[in-house]
Each structure stands twice: as structure tokens, then as C-alpha cells.
Amino acid sequence: MNSSKPVCERGGMPSKKEALLEAAKELFGELGYAETTFKKISDKAGVALGLLTHHYGNKEKLFLASGLDVLENFHSFLENAVKHSPDGYTAVMRFCRAYLDFSLDKNSNWLVLVRCSPYSDMKTGADRDLMDARFANILEMLAELLETGMNDGSIAPMNSNALAQVIVSLMVGANRTMLLTPYAPANLYDDVLNFVSRALKSCRGAAE
């Protein structure tokens with residue numbers, strides 16, 4: 001599984017701005033939005049507190065930057081996972097596997113999105129709209145893969161947008177159960193993937 005390491009602006013060691021963002025992502029995921037403070041972030045990053053305001057303005061903007069950074073890495077991870085898929089069905093299954101794998105990658109900072117709602121802590125419409133748009137891109141990618149499968153015959157014809165929403169909802173539920181509760185069996189992700197695979201194959205068989 002590929003790791004989502006921070007990309008340095010000039011190569012080599014991260015800049016102070018990058019170090020602050022990495023520290024923020026770790027703390028937002030570990031502590032949540034309310035318990036994460038600028039002082040905790042600056043202490044973890046080993047960077048002067050004043051530079052946080054200089055680079056990011058306030059905690060809300062830093063949280064948005066953290067969430068968007070994770071989402072951008074997530075989007076790239078999914079795109080790489082589905083490249084060169086022989087058919088739409090395979091691409092959808094690779095998408096689902098990558099979705100779940102990314103959430104387990106210690107370097108992905110996925111908990112920023114799981115523990116901190118990207119909507120509830122955003123005070124302005126512009127911030128909410130921006131995060132909404134990024135999430136919509138993930139859903140649109142899956143819908144396009146489903147359309148590919150319907151066109152090549154590996155997935156039965158149906159409403160691709162509705163099906164994408166159902167699959168993503170399943171991924172979200174499994175992800176939160178795995179990471180936030182003590183109830184998840186060790187093989188939960190494999191069971192979820194098997195469920196999606198059986199459902200897609202069953203629909204195809206019924207259509208035929």
C-alpha cells in the first residue's frame with residue numbers, strides 16, 4: 001500500500017509551513033477539532049506560534065487546509081488504484097479496496113476526516129462549499145467507474161449516481177465502525193468488499 005508522505009515544496013526537509021500542516025493533521029485526527037489548539041500544533045511542529053497565524057490565519061482555516069490536503073492525497077490514491085483496470089467492475093472493486101486501505105495508512109491522516117466533521121466546524125459558506133466540492137469529486141469518480149462497467153457489460157445497467165452514493169455510504173459506515181468503535185471484526189473490510197462484489201455480480205446476473 002502506498003503511503004501519503006508530505007510533499008516538500010523544495011524537496012528534502014519540510015518547510016516550516018509544511019511542518020505545521022503535518023502537525024495539525026495529526027492533532028486534529030488524534031484530538032478532534034475542539035481539543036486541538038495552535039499552541040499544541042506549534043509545539044508538535046517545533047515552529048514558533050506566530051508563524052501559524054502568518055501562514056494559516058486561524059484554526060478554522062488550518063482545519064480546512066488539513067482536510068483538503070488529506071482529500072487531495074486520497075483522490076490521487078484512488079486514481080492510481082484504478083489505473084489500467086481491464087473493466088469497470090474491476091475498477092470499482094479497486095476503488096473500494098483503495099478507499100478502505102487509505103483509511104488504515106498511518107501516514108494518510110485519515111482521522112482528520114473521520115473524527116472532525118468537515119462541515120460542522122466550518123463557519124462560512126465558502127469553506128463548506130469547497131469541502132463539499134472535494135467530496136463530490138470522489139463520488140463522481142466512482143459514478144464514472146460504474147458507468148464504464150455498465151458500458152462494457154461488467155456491471156448491469158442502473159442509476160450510476162444512486163449506486164455510487166450507496167457504495168460510498170457503505171464505505172463510510174464500515175470505516176467509522178472500524179476506526180471509532182470496538183465492535184468491528186478483524187475481517188470487516190474484506191466482508192464489505194465481498195458484499196459489494198456479490199451485489200454487483202448479482203445485479204449483472206439478474207440483468208442477463
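The values are calculated or read from the model by the stated rules, or taken from the named source; none is laboratory data. This is a predicted model, so every value here is computed, not measured. Every residue, glycine as well, gets a Cβ built from its backbone with ideal geometry; the counts of neighbours run over all protein chains shown. What goes into the accessible areas is simple: the full protein's heavy atoms, side chains included, and nothing from ligands, DNA or RNA. Shrake-Rupley method; radii C 1.70, N 1.55, O 1.52, S 1.80 Å.
Give, in nm to one decimal, the length gained when the segment between residue 72 and residue 39 is fully stretched (0.36 nm per residue of separation minus the Cα-Cα distance).
Working: separation 33, 0.36 × 33 = 11.88 nm, distance 2.62 nm.
Contour length minus the Cα-Cα distance gives 9.3 nm.
Rank-order 141-147, 42-48 by packing density, defined as the average count of other C-beta atoms within 10 Å over each peptide's residues, highest first. If you can, show how the numbers build up before the last one.
Details: 141-147: 20.6, 42-48: 16.1.
With the highest mean Cβ count within 10 Å placed first, the list reads 141-147, 42-48.
Quick one: order 75, 54 from most to least accessible surface, probe 1.4 Å.
Result, largest first: 54, 75.
Would you list 179, 113 from the most to the least accessible area, probe 1.4 Å?
These residues rank, largest area first, as 179, 113.
Beyond 29 Å between alpha-carbons counts as too far, so tell me which of 44/106; 61/106; 59/83 fall in that bin.
Numbers: 44/106 17 Å; 61/106 24 Å; 59/83 36 Å.
The answer is 59/83.
At what distance in nm do the modelled label points of residue 158 and residue 137 sit from each other, each positioned 7 Å from its Cα along Cα→Cβ?
2.8 nm
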